[in-house]
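Values in this text are rule-based calculations from the coordinates and carry no lab data. Bear in mind the structure is a predicted one, so any value in this text is a computation, not a measurement. Ideal geometry is used to build each Cβ from the backbone, glycine not excepted, and the neighbour counts take in all protein chains shown.
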């Protein structure tokens, strides 16, 4: 088992024929993902990477039965693409695009929620169910199958964590890169219960960073609802106040959103909080008694 | 991106958010001219820098004659202002804003920001105007009134009433206040602001509300929609090294330590700083070379790190996903030819093509380059090297 996506998931790509869209769609197909087509307005009727191209998401959904869309369109058009997907009945949009305006995403997410569409991202590596389905830009080979679920705000730190878990002889069920922007789709609080309910997942790794309060909300949720061991690392323990650290969301203002505050809240919720990012794998193994 | 007070007030005026009359000046005589045009017998001379806390640092002064305006402006322009928000190095004042004196009856605070948990903007008001709002939030959270505004309905009367009643305003004061708040909401939304702060918002003797100060920050991702805001960018307010980095698609922030870091991905870059500290060292910088790292960006990264004379070792920590490690290894070699790298460079390359990368570096056999097996090993070696303890 896994969460959200598996080998049977049918995926379309918005921004299919662009440079990024093409490269990553190809990588996903090689991994085994069922990419059944793509959308590029004006190129409907053509074939790309051996798959049909449609003018609208609605056409693509009707013709292919796709339930998930992977979005690569440029930042200025991202909100539009997300809302089109929601309008067309897509169930999950995975938004890879980096640099979308915050207000645009605020409106896009409101509409997605209204339409009952889940979103992941923006500005994220995507989602991968190990050895079954990769919808995103992560290097697939790092994700060997095993009993650990992974939720992370950071891309490369996801790879680092997965690599450590695999080196311990364990592996990943599903890994979700939720992104670090101020407005994001699925977050810890929505993903944790999915992993809790997944019989194959035995432990959950959560990687957070400074800024915002998602990790604090997650801590409260874990205390009440999660019985599986949770291992957490918060990046940015040494980041100075008021400085933007690459991710739009990773900025501490005043006394809120610090790594310290998040680590304390998680510890109080019974989470195994790791201080050094090199200890993630080891701590997972220990929590699982291996 | 942040702008100056005088620029924020210009935007406020366009939207009918009341502000005192004023003008910007780059020299003493210009300041005098602005004051003369404003008329009256009381002016405020305000240093224009992108930082709060100017008043306490001597960046806001009252003048009671045109001579005084000119003298104060001349003193202020060129001085370095150190406030709690500038850091110890302070900021050089290049222009001043001359404003008519206001009849202050009471000071309030009014601000707007995105509430990330509610996923909508919130307006915050407080009767504790003129105070550090962080301090008020910490000591008297009950004195801050917040309203979340669902953008699908916009700023309604009830939002305004909730704030006004919270501030204890009278019936007569309510109307001008709500109009003020409504106009401010429109500024925030129309301009893709990230933050607006008015501290203080004042009530005058005649019952009007005026923004006596104005701070605005914008969502960088949305600047493409606002060429007028882009034009307000003041590059002299930004760190020149950070700007240079941005040109090459790198994200760089200078810090106080001596272990330079070059990492791909913001999260891993922060984690790398953390592990350096964990191992007893101090990071000299945050540097994210991004997902599209190539030999040129790596070379540029070395150049940026080495501009900092405090750097005693460099930790290159790359987890190759789409970025192939062999390309990074070649980048490191190229960099050592372009830039003189005279400190130990600890290299940890993992992920796609890590094996090939190790071979490339081994074959090149450059004396300053020390391979590391994993994150912990790399951090330990980098910290030891910075302390001169690496054998």
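Okay, here's what the table says:
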| read-out | value |
| --- | --- |
| Computed over chain B, Kirkwood Rh from alpha-carbon pairs, angstrom | 23.9 |
| The stretch A:48-144 - convex hull of alpha carbons, volume per residue in Å³ | 106 |
| Angle in degrees between helix A:188-197 and the longest Cα principal axis of chain A, rounded to the nearest 10 | 90 |
| Value of Rg to Rh for the protein assembly as shown (Rh from inverse mean 1/r over Cα pairs, i.e. Kirkwood) | 1.00 |
| Relative exposure of B:375, B:223, A:192, judged by other C-beta atoms within 10 Å (fewest first) | B:223, A:192, B:375 |
| Shape category assigned to the stretch A:1-83 from the gyration tensor of Cα positions, a/c cut at 1.5 | rounded |
| Fewest-first ranking of A:68, B:343, using other Cβ atoms within 10 Å as the exposure measure | B:343, A:68 |
| Between the stretch A:176-225 and the stretch B:157-230, the Cα center-to-center distance that results, in Å | 35 |
| B:135, B:279 arranged by Cβ crowding within 10 Å, fewest neighbours leading | B:135, B:279 |
| Residue mean of other protein chain beta carbons inside 10 Å, A:157-169 | 4 |
| Gained length - residue B:80 relative to residue B:343, 0.36 nm times residue gap less alpha-carbon distance | 91.3 nm |
| Between the stretch B:1-44 and the stretch B:55-75, the Cα center-to-center distance that results, in Å | 14 |
| Alpha-carbon centroid distance for the pair the stretch B:329-391 / the stretch B:286-311, whole angstrom | 14 |
| Two-decimal Rg/Rh across chain A, once Rg and the Kirkwood Rh are taken from alpha-carbon atoms | 0.97 |
| Ellipticity estimate at 222 nm from DSSP helix runs (n ≥ 4, -39,500 (n - 2.57)) divided over chain B, nearest 500 | -11000 deg cm²/dmol |
| Angle in degrees between helix A:214-225 and the longest Cα principal axis of chain A, rounded to the nearest 10 | 70 |
| Antiparallel bridge percentage (DSSP; both residues within the protein assembly as shown; nearest 5) | 50 |
| Structure-based [θ]222 nm, chain A - -39500 (n - 2.57) summed over DSSP H runs of at least 4, per residue, nearest 500 | -10000 deg cm²/dmol |
| P(r), alpha carbons of the stretch B:60-122 - 10 Å bins starting at zero, rounded % | 16, 28, 31, 19, 6, 0 |
| Estimated Rh, the stretch B:280-391: Kirkwood, alpha-carbon pairs, angstrom | 13.9 |
| Distance between modelled label sites at residue B:150 and residue A:217, nm, 7 Å Cα→Cβ extension | 1.7 |
| Rounded to 10°, Cα long-axis angle of helix A:19-31 versus longest principal axis of chain A | 70 |
